[in-house]
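Quick notes on the structure that follows.
The values are calculated or read from the model by the stated rules, or taken from the named source; none is laboratory data. Quantities reported herein were computed from a predicted structural model and do not represent experimental measurements. When we count neighbours, we look across all protein chains shown, and the Cβ atoms used for this are built from the backbone with ideal geometry, even at glycine. All accessible areas refer to the heavy atoms of the entire protein, side chains included, with ligands and DNA or RNA removed. Shrake-Rupley method; radii C 1.70, N 1.55, O 1.52, S 1.80 Å.
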Amino acid sequence: MCGIVGITGFMPVNQSIYDALTVLQHRGQDAAGICTIDALNCFRLRKANGLVSDVFEARHMQRLQGNIGIGHVRYPTAGSSSASEAQPFYVNSPYGITLAHNGNLTNAHELRKQLFEVGRRHVNTTSDSEILLNIFAQELDRFQHYPLEADNIFAAVAAVHQQVRGAYAVVSMIIGHGMVAFRDPNGIRPLVLGKRVIADGRTEYMVASESVALDTLGFEFIRDVAPGEAVYITEQGQLSTRQCAENPKSNPCLFEYVYFARPDSFLDKISVYSARVRMGTKLGEKIAREWEDLDIDVVIPIPETSTDVALEIARILDKPYRQGFVKNRYVGRTFIMPGQHLRRSAVRRKLNANRAEFRDKNVLLVDDSIVRGTTSEQIIEMAREAGAKRVYLASAAPEIRFPNVYGIDMPSATELIAHGREVEEIRQLIKADALIFQDLDDLIEAVREENPDIAQFECSVFNGVYVTKDVDQRYLDYLQSLRNDDAKAIARQTEVEGLELHNEG
Ligand SMILES: O=P(O)(O)OC[C@H]1O[C@H](OP(=O)(O)OP(=O)(O)O)[C@H](O)[C@@H]1O
Ligand SMILES: NC(=O)CC[C@H](N)C(=O)O
Ligand SMILES: [Mg+2]
């Protein structure tokens, strides 16, 4: 997952975009970038691998001048992890465009070919986001006049929707025009719109992956950008919006609510926190029903994402909730780290047991999800080392059995612990005394309660149904060959920096 942000204002936006990226950091830890438009109508760009606090030093911030800008934190799902594939991306025609993308395209390969052979455009990286930028640029280029009207920009987004498949929440800037943001016709990845009225009465606008970024910067939430919709804000601060998809549907990604988003965000009118509490209610009730004879002394979350779920399970079961693990606050999220070796070693650096909570007790550990099983296997071992008598595990998400192709880096089914396995086999692998998963219908119900208008969630990782309908076994095999952990490790070793475009180093 990645985090994106864009602001059109009347004061310098560099610090605000930096601050927004820090609260979106949980969506991507590998690279970060900010691009602004300065007073001379030139882009200023700084992007590099690393956390936000590492990428932007004072000298970079000083150079990122301008009242309009976009930012990105990256968790790669396509291409390489080279710094030249950090975002935003730039293309010089028409007018000069930069773009930041959260999601993943499922027809990037065909689009690249078409861009080269028909559009005569070369894309110098292996990033799907640079392809998306070039498709957008190609469509804007069909209007051979300056300035472009809002109608032209919306027509270009409509043409992007016709050609591009997959998931994309996008923020982009066009020199001489302003900022454009849009969301794919299934609304798989989130995007929210907010505003801030400044002292002289003018309105600044902001778009971001999650509403928490608006809160932090004092922007008022207006609404979610609708699936298929585009938002255009001119340099003068004039906002227009248009539905650009023929048949938009709301199919937001269910895993955002389970793991990715911050609990204090609202996505598609649903509080992530409340959804997690309801996940706890449903799972707690299932545990009470199915594990009547299990003797549980204490409920312990596996920090950090599962804490809200675990607290509610403890309430339902009427058992004490205890912080049995202490999280090292300086180690990031392990699941989104590149490479299994790094992920494994991170779990023990990140979590340590409070022995007093384990000694001679039967403990119920709660996690939000079990993906590769890296965390659960080690945590169960740590609980035993700390003296637990019996260790039970509950997962707020059902078994994750299928790859994700829409912006979560789970491209390889064989790396998923639940792929092709039943609960009992998984239990044996992670060495739990008992294991329970949430049912998919319960998870959907828990999330959907606040917004029953959502007819269907994107939940392919649980049921193998891909809402864009273009994903077949051939594509999944292709993706697996490209992006399994071994392939990525080899690619990292042989990686060379591509053409470095103008980058405030
Ligand atoms: O089965 P696995 O492959 O280990 O993946 C699942 C684990 O990874 C995530 O935690 P993470 O450390 O990324 O972040 P968190 O601190 O937000 O829980 C998630 O919350 C699970 O704990
Ligand atoms: N997680 C994401 O949203 C990734 C965006 C894009 N596909 C990349 O790999 O850079
Ligand atoms: Mg976790």
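Numbers at a glance
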{"quantity": "Tally of residues being surrounded by 20 or more Cβ atoms within 10 Å (Cβ to Cβ) and part of a loop (DSSP other than H, G, I, E, B) across region 418-436", "calculated": "2"}
{"quantity": "Complete set of residues in region 325-349 that are touching a residue at least 60 places away in the same chain (Cβ under 8 Å) and among the small types (Gly, Ala, Ser)", "calculated": "Gly332, Gly339"}
{"quantity": "Which numbered condition Arg289 fails, given (1) within 16 Å of Asp442 (Cβ to Cβ); (2) out of contact with any Lys or Arg (no Cβ under 8 Å at 6 or more places or on another chain); (3) touching a residue at least 12 places away in the same chain (Cβ under 8 Å)", "calculated": "(3)"}
{"quantity": "Residues of region 13-65 classified as surrounded by 22 or more Cβ atoms within 10 Å (Cβ to Cβ) and small (Gly, Ala, Ser), total", "calculated": "6"}
{"quantity": "Hits in region 437-453 (condition: part of a loop (DSSP other than H, G, I, E, B) and surrounded by 19 or more Cβ atoms within 10 Å (Cβ to Cβ))", "calculated": "Gln438"}
{"quantity": "Only one of Ala230, Ala245 that is more than 16 Å from ligand 3 (Cβ to nearest atom), open to solvent by less than 20 Å² (accessible area, probe 1.4 Å) and not in a loop (DSSP other than H, G, I, E, B)", "calculated": "Ala230"}
{"quantity": "Looking only at region 1-34, and only at residues there that are aliphatic (A, V, I, L, M) and either at pLDDT below 95 or in a helix (DSSP H, G or I) (or both), the one that is farthest from Ala261 (Cα to Cα)", "calculated": "Ile17"}
{"quantity": "Every pair of residues 6+ apart whose Cβ atoms lie under 9 Å, when the first sits in region 360-377 and is closer than 17 Å to Phe325 by Cβ and within 13 Å of ligand 3 (Cβ to nearest atom) while the second is at pLDDT below 95 and aromatic (Phe, Trp, Tyr)", "calculated": "Ser369/Phe335; Thr374/Phe335; Thr375/Phe335"}
{"quantity": "Residue in region 34-45 that is away from ligand 1 (no atom under 16 Å from the Cβ), within 25 Å of Asn107 (Cβ to Cβ) and out of contact with any strand residue (DSSP E or B) (no Cβ under 7 Å at 6 or more places or on another chain) present", "calculated": "no"}
{"quantity": "From the options Gln138, Gln114, residue that is crowded, with 22+ Cβ neighbours inside 10 Å, over 24 Å from the mean Cα position of the chain (by Cα) and of a type in the set (S, T, N, Q)", "calculated": "Gln138"}
{"quantity": "Single residue of region 313-344 satisfying the filter (assigned to a helix (DSSP H, G or I) and surrounded by 14 or more Cβ atoms within 10 Å (Cβ to Cβ)) that is nearest to ligand 2 (Cβ to nearest atom)", "calculated": "Arg343"}
{"quantity": "Total residues in region 35-51, condition under 23 Å from Met337 (Cβ atoms) and not in a loop (DSSP other than H, G, I, E, B)", "calculated": "3"}
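One line per residue, one yes/no per condition, for (1) of a type outside the set (A, V, I, L, M, F, W, C); (2) over 27 Å from Lys350 (Cβ atoms); (3) more than 16 Å from ligand 1 (Cβ to nearest atom); (4) touching a His at 6+ places or on another chain (Cβ under 6 Å):
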site	(1), (2), (3), (4)
Asp264	yes, no, no, no
Val272	no, no, no, no
Leu283	no, no, no, no
Lys286	yes, yes, yes, no
Arg289	yes, yes, yes, no
Asp297	yes, no, yes, no
Ile300	no, no, no, no
Thr305	yes, no, no, no
Ile313	no, no, no, no
